Amino acid sequence: MAALAKWLERDDPVCLMHPHGFYVVLLGRTDAEEWRFHFWPRGPRTIVGMPAFIHTHDRHVESRLLQGQLINTVYDVVMVPTGGQPLYEVDYNGDRYAPPTSNFLRRTRTRVMPSIRSQDAMEPGDTYHIERHAYHQAFVPEHIATCTLVRMHTRSPGAVMVVGLDGYPGTINFTRVAHRARAFAEQLSP
């Protein structure tokens, strides 16, 4: 943590604000994997688009909690003919780590019903694994600054999906806003 905090302070890399209200710093990427640093600041977080947090990834996710607290919830999601929630597909108009890139959520014709399969409270040093295309949600309490080191690997075909909410447009467009890491580096505990 001390080395990471020092690097963020010294190099002040560009980071992007995720629509769920946390910062994302790309640490490195190859064709096989991506390494990211996620930071949730203390206090209320600005959610952009739709406050729908249950989602998938198109690759395996390995995450280690470095600071703070996090609850990782994995869901079983089944299609339903009526009721449930709308399912949205995620699309990126370019490189998701480039500040001007637009993200799109597009509602599908599918409705789903999520139910909790497992829920784990994480503390610093804990790790968790999310299978690609599994539905999960990471909940971080607002009273504490939290950060994770994330490795994403072994990509597979298939769209990234979000369990949406009724009352939102069929297409939701947003751009991840660029920030400098110094904006949050002082909240890191070495």
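Listing for the model above:
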{"read-out": "Cα-based shape type of the stretch 107-190, given that a ≥ b ≥ c are square roots of the gyration tensor eigenvalues and the cut on a/c is 1.5", "value": "prolate"}
{"read-out": "Cα-based helix-to-principal-axis angle, 2-11 vs the chain, degrees rounded to 10", "value": "90"}
{"read-out": "Estimated 222 nm signal from helices in the chain, with DSSP H stretches of n ≥ 4 weighted -39500 (n - 2.57), rounded to 500", "value": "-2000 deg cm²/dmol"}
{"read-out": "For the stretch 20-123, convex hull volume per residue from C-alpha positions, Å³", "value": "141"}
{"read-out": "Residue-wise HN-Hα coupling along the stretch 36-42, computed from phi with Karplus coefficients 6.51, -1.76, 1.60 (Hz; x: Gly, Pro)", "value": "9, 10, 10, 9, 9, x, 5"}
{"read-out": "Gyration tensor over alpha-carbon atoms, the chain, equivalent ellipsoid semi-axes in Å", "value": "27, 18, 16"}
{"read-out": "Carbon + sulfur, % of accessible area of the chain - ligands and nucleic acids excluded, 1.4 Å", "value": "53"}
{"read-out": "Kirkwood-Stokes translational diffusion coefficient of the stretch 64-170, alpha-carbon pairs, 20 °C, 1.002 mPa s, µm²/s", "value": "135"}
{"read-out": "Rg [Å, one decimal], Dmax [Å, integer] - the stretch 79-125, C-alpha atoms", "value": "16.1, 42"}
{"read-out": "Å² of accessible area per residue within the stretch 121-176, as computed with a 1.4 Å probe and no ligands counted", "value": "49"}
{"read-out": "Rounded Å value of the spacing that divides the Cα centres of the stretch 41-75 and the stretch 1-39", "value": "15"}
{"read-out": "With all protein chains modelled, accessible area of W7 [1.4 Å, Å²]", "value": "70"}
{"read-out": "Net charge, R36 excluded, C-beta distance under 15 Å - Lys, Arg +1, Asp, Glu -1", "value": "+2"}
{"read-out": "Furthest towards positive pole of dipole, F174, L87, F139, structure part the chain, Cβ charges", "value": "F174"}
{"read-out": "The stretch 1-70: C-alpha gyration tensor shape, a/c 1.5 cut-off, then a/b vs b/c", "value": "oblate"}
{"read-out": "Dipole magnitude (debye, nearest 20) for the chain, charges at Cβ of Lys, Arg, Asp, Glu", "value": "300"}
{"read-out": "Accessible area of the stretch 1-56 divided out per residue, in Å², using a probe of 1.4 angstrom", "value": "47"}
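The values are calculated or read from the model by the stated rules, or taken from the named source; none is laboratory data. Predicted, not measured: the structure shown is a model, and the values here were computed from it. FYI the Cβ positions are ideal-geometry reconstructions off the backbone, even for glycines, and counts take in every protein chain you see. The protein model used for the area step is the full one, side chains on, heavy atoms only, and it has no ligands, DNA or RNA in it. Shrake-Rupley method; radii C 1.70, N 1.55, O 1.52, S 1.80 Å.
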